[in-house]
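Engineer: The structure is given below, and queries will be raised subsequently.
The values are calculated or read from the model by the stated rules, or taken from the named source; none is laboratory data. Please read all numbers here as calculations on a predicted model, not as lab measurements. Using ideal geometry, Cβ is built from the backbone for each residue, glycine included, and neighbour counts are taken over all protein chains shown.
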Amino acid sequence: MKRLLTAAAALFFLAACTSEAPDPAASVPVEGDPTWSVTCPSGATPIDGVGELDLDCLGDEAATAVGPGAKPMVVVLWASWCGPCQAEAPEVEAFYQAYGDQVDVLGVDTADTRDVGRSFAESFGMTFPSVFDPDEAVRIGLGVPGLPGMAYVNPDGTVAEVVAEPGVTTEAMVETAEAAFGLELA
């Protein structure tokens, strides 16, 4: 009986957001064309497990090399249809606003549609760049089982930490970044 309850709890947890996306259009209302257009810097270093990968920037559709530059980077896997991603969007934005000068943040709109992803970013006032990954190459390369997920990536492309459970807060992001990158964020 204990094993059955444990298995049921695990399935419930994994069902929160998985790689099997429901219809994205059902999650975020699109009223007119989205105007969100944050541009993406190209990373200089491929991420271990992901490799050399160019994805379209969600904001301006420019080809973007996915990976860190000179600073460490938090890669945030999200989608408009993911309930926990909606709850975490303001937390990630607060982290970016407070510490973006020390740690880069790159969102990865995963298994979504471009216009609905842009509407999501616009509705949450996201100012950090995001790339469009309809085929889930980043999620699969990082070994994240479903959404949401975050990877803390060193400037050399090594993955220092992966967080693959919902409920991330700004404070938790700070603690994980400090431990993963050996920084004292201020």
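Engineer: Going through the stretch 156-180 one residue at a time, which ones are in a strand (DSSP E or B) and either of a type in the set (D, E, K, R) or closer than 20 Å to residue 97 by Cα (or both)?
Structural biologist: Selection gives 161 alone.
Engineer: Something else: Hey, among 77, 183, which residue is among the hydrophobic types (A, V, I, L, M, F, W, C), out of contact with any Cys (no Cβ under 7 Å at 6 or more places or on another chain), touching a residue at least 40 places away in the same chain (Cβ under 8 Å) and part of a loop (DSSP other than H, G, I, E, B)?
Structural biologist: 183
Engineer: What are the residues in the stretch 134-163 that are farther than 13 Å from residue 71 by Cα, out of contact with any Leu (no Cβ under 9 Å at 6 or more places or on another chain) and small (Gly, Ala, Ser), if any?
Structural biologist: Residues satisfying the conditions are 143, 160.
Engineer: Separate question: Quick check on this structure: which one of 94, 10 is of a type in the set (A, V, I, L, M), modelled with pLDDT of 95 or more, surrounded by fewer than 20 Cβ atoms within 10 Å (Cβ to Cβ) and assigned to a helix (DSSP H, G or I)?
Structural biologist: From the options 94, 10, the qualifying one is 94.
Engineer: Output the residues belonging to the stretch 48-60 that are part of a loop (DSSP other than H, G, I, E, B) and free of Cβ contacts under 8 Å to residues at least 60 places away in the same chain.
Structural biologist: Those that are part of a loop (DSSP other than H, G, I, E, B) and free of Cβ contacts under 8 Å to residues at least 60 places away in the same chain: 52, 60.
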